[in-house]
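Report on the structure given below.
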Amino acid sequence: MAGRGRGRRMMSFSVDAVGINRGDTLPPTIQQPTPAYPAMENKPLPLAAGEEAEYMLALKQEFRGAMRSLPCFIQPAAPHRDVERYSDKYHSSEPTDSLITWTPDWRSLPRELRVARLPRRDGVSVSRSVPSGQIRQVKEKEEILLKLESLEQKEQQGSSEEEEGEEKKKQEEEEAEGEEEYDEEEFGEETDYIMSYFDNGEEFGGDSDENMDEAVY
Amino acid sequence: MTLQEVRLCGLLLREHFGEVVEKVGKHLLRSGALNLRTIINETGLPLDLVKKCLCVLVQHGACVFSSGRKGPGSPTEYLTSCNRILRILRYPRYIYTAKTLYGDTGELIIEELLQRGHMTMSSTVKTVADRLTQNMEEGRSMEYSEVSSAFSNLVETHFLQRCPPQPGAGGKDKTTAAPTDNPATPAAPAKTTLQTAESFPDCYKVPHMTLSGRGKRQLSTEEGEDQRNAKKPRLDTATHGDEGIYWQVNYERFHLHFRDQAIISAVANKLDQTSSEIVRTMLRMSEVTTSPTAHCTKPLSSNEIFRSLPSSYNIARPILDQYLTLLVDDPMEFVGKAGESGGGMYVVNLHRALANLARATLESVVQERFGSRSARIFRLLLRKRHLEQKQVEDFAMIPAKEAKDMLYTLLSENLVQLQEIPKTPDYAPSRTFYLYTVNQLPTARMLLQNCHKTVANLIERRLFETKESKRLLEKSQRIEAILASLQASGAEPEQLQEVEEMITAPEKQQLDSLKLHINKLDSAENQVDETIFLLESYITGTASST
């Protein structure tokens, strides 16, 4: 390039045009990054004081404080700790005001942002507009349970009426539980076969653990 | 959308809306227009939280939505811009200006609207009346009509405006989303043209509202409050005839007001009080006739100015003419002469005044950071445009070595640029002129970025200090609460003293110094914001006119 004279010491720009004369000491080369907080030779001017500045300062701090208590201030739900701590019941929880629940005017927002009930401070929400498959499955299960219970009741009324109400309820509960498990097994894996009839052979050889006298090879 | 702007916007969102909104807002700022599903995937937040954040951002005007780029069927896209979020820094100034112009009522109206984003007139009036009533003495309350008249005044002078109806918004139909006064909303959502509030002719029309009554004072008993608040949302659903008409603060009008104030105070500092009054009169007369982006005001004749001067200033006609001549001859070029009819036609040069104010800011920055001799070199280069090394030394009357040193310092800080002018087609260094120069507009942009970085650093330092002393602050808050409850229930002074002594002396000292630091950092933010305003107005004014 322009500065590579043969063996001669030349710099990449002309010496006298920029102002470095011969024999002048160049400033020392810098071998590490400049310090993060260099000492300032010229101190800055003091801040503007006065009534106006103080009033605006007060306004600013009040505004910030007020914004924290408005419903626009969104805080995510506190992460659930693994164990309940003693201090949990002493953490101050803000009083829930009617100001907190806030419904914007849905006409001025796009339809997809609509939530059935905008929740309060924490992110725990009960939104029903999310059509997920799980809700449908739960509803189906509930319907099936109700149908089975009603069928049962008809059978029991037909057979014996000597049973007391509590036993009936217990039985119904047990049967409901049994049916729940039944249903889960049946519908959980989406097959036509009832899973409890199928024996995978996992229980084979389990009885041999009862006699520990003989060594197991 | 520089890095520093995004960082500052994130911090402002965090302080005012919480960390979740900060995350969503920062992501939108960095990525441009996105639709809902993309935001959810990329931020990793749950669907409901993202929806809530977007509602909050749209409500406060920080985010606009439009139907997607691929046509009317594609999902809506959300777009955020830095400018609107950076306005949050200026909120105290807006509120203070409203107080000076319209008193306490105006101040509270503007504060409520800034806190909530969009509000209807009736809800604003009710909330403000309640707040004013609380601060009044017992037995007196604020009339709704007084607050409504203050609101109407604010709308007349264009400090408040209606929110534009958004095309593509969900709802029953698009026609009912707009207030009935407005002309029919466009049938196909406009993708490219974002409707500003001013593109609707009725944006400054006060709706006819049936609202009468007085402000309510809240009872001091807690139970009464709870019951009343429990019943309140059900009782307050009475409509007042202005449903669906939302109002927002018109920032541009406030900015025009600040610009006028800056010019008037500059004239007062440079010349004297009377000249500033003359300029104030001229600006007041041309408030309605000047468009916001005008280069200079409409020409005003000297006769008109004389008639409109405030009556407290009894200056004779020839003296007014002398003042005007002085203003025209001043090198800052605030006022210019546009003709001779009517005793002389005078204009206020708005853009040139802003440019000169920005130039003065740059010079003062160089002076405070590098000393008055470097400032002399800087001013010299601003005036003479291009100078060689030797000429700089001669004109600035500074010894060569020191001048060289200062020039190189300014060059390394990028305040001064080097321009090469070759004599021969190969840029041989011995045969090239090297000229130093200062470009005002890029330097102003760089300084504006520095200002944003400064404010972001100030906010971060304040958050750090608060976090360090969190335990101490909580303790002091609890003790204050205990003291307040003791005093309310009438305790003896010994008990009060006992409670006060729970804070030890060194802790009190620590608290005092913490408060001092936080106040300093806050007022520093306010002051830097004034510089930001000046530089921003200069940059937008010059960039649009060139």
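Bear in mind that the values in this text are calculations on the coordinates, not laboratory data. The structure displayed is predicted, hence computed values, not measured ones. Here Cβ is always computed from backbone atoms with ideal geometry, including for glycine, and neighbour counts include all displayed protein chains.
In loop segments of region B:451-503 as defined by DSSP, the GluC sites (Glu not before Pro) with at most 14 further C-beta atoms inside 10 Å of their C-beta are B:GLU501. Which of the DSSP-defined H helices in chain B satisfy a minimum axial length of 20 Å, computed from C-alpha atoms, and a minimum mean Kyte-Doolittle hydropathy of 0.5? Span-like helices here: none at all. For region B:1-71, a Kirkwood radius taken over Cα pairs fed into Stokes-Einstein (4 °C, viscosity 1.567 mPa s) yields D = 104 µm²/s.
What are the GluC sites (Glu not before Pro) within region B:335-405 that DSSP puts in a loop, where the Cβ has at most 15 other Cβ atoms within 10 Å? Don't jump to the answer; show the numbers that get you there.
On the way: sites: B:GLU340, B:GLU363, B:GLU368, B:GLU388, B:GLU393, B:GLU402; in loops: B:GLU340.
For GluC sites (Glu not before Pro) across region B:335-405 that sit outside H, G, I, E and B with at most 15 neighbouring Cβ atoms in 10 Å, the list reads B:GLU340.
For region B:479-525, the gyration tensor built on C-alpha atoms gives an oblate shape. Its axis ratio a/c (a ≥ b ≥ c) is at least 1.5, and a/b is not larger than b/c. When peptides B:280-288, B:108-116 are ranked by their average number of other Cβ atoms within 10 Å per residue, the highest-first order is B:108-116, B:280-288. Sort region A:30-73 into rounded, prolate or oblate with this rule: let a ≥ b ≥ c be the square roots of the eigenvalues of the Cα gyration tensor; rounded if a/c is under 1.5, and if a/c is not under 1.5, prolate when a/b is larger than b/c, oblate otherwise. It comes out oblate by the Cα gyration axes.
First obtain the Kirkwood hydrodynamic radius of chain B from its Cα pairs, then insert it into the Stokes-Einstein equation at 37 °C and 0.692 mPa s, and state the resulting D in µm² per second as a whole number. Display every interim value, and only then the final one.
Working: Rh = 28.1 Å.
D = 117 µm²/s.
Above 18 Å, the calculated P(r) of region B:1-155 contains 64 percent of its Cα-Cα pairs.
Taking every residue in A:42-54, how many Cβ atoms of other protein chains lie within 10 Å of its Cβ, on average?
That average works out to 3.
Peptide B:405-414 has a mean of 1 when you count, residue by residue, the C-beta atoms of other protein chains within 10 Å of its C-beta. Per residue, the convex hull spanned by the alpha carbons of region B:237-328 comes to 162 Å³.
Enter the mean number of other protein chain beta carbons within 10 Å of the beta carbon of each residue in B:514-526, as an integer. Walk me through the numbers on the way to the answer.
Numbers: counts 0, 0, 0, 0, 2, 5, 3, 1, 6, 8, 4, 2, 8.
The per-residue average across the peptide is 3.
Where in chain B lies the longest segment free of chymotrypsin sites (Phe, Trp or Tyr not before Pro) that are both loop residues by DSSP (not H, G, I, E, B) and have at most 14 other Cβ atoms within 10 Å? Of all site-free stretches, the longest is B:1-312.
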